[in-house]
Amino acid sequence: MSNQKQQKPTLTGQRFKTRKRDEKERFDPTQFQESVVQGLNQTGTDLEAVAKFLDFSGAKLDYRRYAETLFDILVAGGMLAPGGALSDDMTRTNFCLFTAPEDVKTMRAYAQVFNKLIRRYKYLEKGFEEEIKKLLLFLNGFSESERNKLAMLTGILLANGNLSASILSSLFNDNLVKEGLSPAFAVKLFKSWISERDINSVAASLRKVGMDNRLIELFPLNKRSYDHFSKYFTDAGLKELSDFARNQQSLGARKELQKELQEQMSQGVSFKEIIAYGKEEIKKSSISEQMMIGIVWTSVMSLVEWNKKEELVTEQAIKQLKQHSPLLKAFTTQDLSELTLLLRVQDYCYDNIHFMKAFQKIVLLLYKVEVVSEEAILKWYTEAHLAKGKSVFLEQMKKFVEWLKNAEEVFRIVWKNSMSSDRQALCSCYLMHC
């Protein structure tokens, strides 16, 4: 037995045949394209019929797999090769966006076709946004008329909420910017968008996706200034967009200024130096004193970690504002600036609930240290206050305002001509009477 030749082990098993349903289908858009093109050729220019055809065909055609092919056909008439040219070896149709008349009515009708399609097949939503981003990158491969139609359609779709404004990032492509295609396309797009809605709606959409401060990137670096942006879009008939960009620039400058002021205050820079810096910024950046006092107020109030208890937060606020009153006084040299400060105080006390009961004491302090005048307080009380917390704040100020109105003229003259130390004594007198 030991001399017998041992057989080598062999692998045994059963070979399984892959089921047809489990085989991965090869990506082949040819048949899909032929079906869509045939349907569009039959429906022709009747966009209602096109929408019905697309709705019906979604049940038998694989829209999920061939979404890009579907959108290419609807926009350009066939599959697009890289760069924007139509593929030569594919079936095409002459009934698409690029061959349609270049007018608002037709573009709105096409927008409805896409709207109905995406509402019916929600899974196409993301693919459609990716398609638009791709088409924007292909602008150089399209004719001027095709670019105009795409811009009008995109503006309408943005206005209707079918697209996110994030798709505009494709327009910041270096080649498109260098060739001047981005700003020219943006003009058509924003005209279409604003005509469907308004600039406020456009602004809200841009802010939502962080595009509000990036529009200047439509221009190359050597032209990337707000002056150039403003002139270009104003000359193109989009002054509201120019104004929006200017406001965004101003907002950005205000944020930087506030950050710098807070840093100087926290580092213990002297009030004299901070005031000099603020005055210089007013001249350099064309910022009004009213805007500056709002920035100073916010900076001063942002320095403190406020207590959550109302009785303690009032003491904190009085201490903080008294300490920084020279700064507030330096930027309230105009009547309108005083009123602006009172409105900022009202707004702040309303938005921060722990300050609701502190309003009257803050105003009295500002009066005591000569930051705001009697006239400013009376104007705020009688006509210029905000709606926010109106009843609460007017009630708090009622006795003080009555005292201001009814005080004897001589007493008021003494008040106006007194030194700060005397004013504090007079304020104490008012408090005793109230």
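The values are calculated or read from the model by the stated rules, or taken from the named source; none is laboratory data. Just so it is clear, the model here is predicted, and its values are computed rather than measured. Cβ sites come from the backbone with ideal geometry, for glycine too, and all protein chains shown count toward neighbours. For accessibility, only protein heavy atoms count, side chains too; no ligands or nucleic acids. Shrake-Rupley method; radii C 1.70, N 1.55, O 1.52, S 1.80 Å.
Looking at the stretch 89-103, can you tell me whether even one residue there is over 29 Å from L189 (Cβ atoms) and not in a helix (DSSP H, G or I)?
yes
So, in the stretch 326-345, how many residues would count as being within 26 Å of E310 (Cβ to Cβ), touching a helix residue (DSSP H, G or I) at 6+ places or on another chain (Cβ under 6 Å) and surrounded by fewer than 21 Cβ atoms within 10 Å (Cβ to Cβ)?
1
Checking E305 against (1) free of Cβ contacts under 8 Å to residues at least 40 places away in the same chain; (2) under 25 Å from V401 (Cα atoms); (3) open to solvent by 60 Å² or more (accessible area, probe 1.4 Å), only one condition comes out false. Which one?
For E305, the exception is condition (2).
List, please: which pairs have Cβ atoms under 8 Å, are six or more places apart or on different chains, and start with a residue in the stretch 183-209 that is in contact (Cβ under 8 Å) with a residue 60 or more places away in the chain and end with one that is β-branched (V, I, T) and open to solvent by 40 Å² or more (accessible area, probe 1.4 Å)?
Qualifying pairs under 8 Å: S192/V104; S195/V104.
Matching residues to (1) modelled with pLDDT under 95; (2) farther than 19 Å from E370 by Cβ; (3) part of a helix (DSSP H, G or I); (4) open to solvent by less than 60 Å² (accessible area, probe 1.4 Å):
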{"position": "Y277", "(1), (2), (3), (4)": "yes, yes, yes, no"}
{"position": "K283", "(1), (2), (3), (4)": "yes, yes, yes, no"}
{"position": "Q290", "(1), (2), (3), (4)": "yes, no, yes, yes"}
{"position": "G294", "(1), (2), (3), (4)": "yes, yes, yes, yes"}
{"position": "T298", "(1), (2), (3), (4)": "yes, yes, yes, yes"}
{"position": "Q316", "(1), (2), (3), (4)": "yes, yes, yes, yes"}
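Out of the residues in the stretch 254-263 meeting the condition of being buried (at least 17 other Cβ atoms within 10 Å of the Cβ) and free of Cβ contacts under 8 Å to residues at least 40 places away in the same chain, tell me which one is nearest to the chain's Cα centre (by Cα).
L257
Mind checking which residues of the stretch 377-409 are in contact with an Asp or Glu (Cβ under 7 Å, 6 or more places away or on another chain) and surrounded by 18 or more Cβ atoms within 10 Å (Cβ to Cβ)?
L404
Is it true that E131 is surrounded by 20 or more Cβ atoms within 10 Å (Cβ to Cβ) and under 20 Å from L86 (Cβ atoms)?
yes
What about L176, is it over 20 Å from the mean Cα position of the chain (by Cα) and crowded, with 19+ Cβ neighbours inside 10 Å?
Yes, satisfied.
Only one of (1) farther than 21 Å from K279 by Cα; (2) touching a residue at least 40 places away in the same chain (Cβ under 8 Å); (3) open to solvent by 20 Å² or more (accessible area, probe 1.4 Å) fails for L364. Which number is that?
Failing condition for L364: (3).
If the requirement is being touching a residue at least 60 places away in the same chain (Cβ under 8 Å) and farther than 24 Å from G44 by Cβ, which of these qualifies: E130, E144, E125?
Residue meeting the stated conditions: E130.
Which ones in the stretch 264-275 are exposed (fewer than 14 other Cβ atoms within 10 Å of the Cβ) and part of a helix (DSSP H, G or I)?
The answer is S266, K272, E273.
For every residue, the table says whether it meets (1) open to solvent by less than 100 Å² (accessible area, probe 1.4 Å); (2) modelled with pLDDT under 85.
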position: S2; (1), (2): no, yes
position: R26; (1), (2): no, yes
position: E48; (1), (2): no, no
position: L54; (1), (2): yes, no
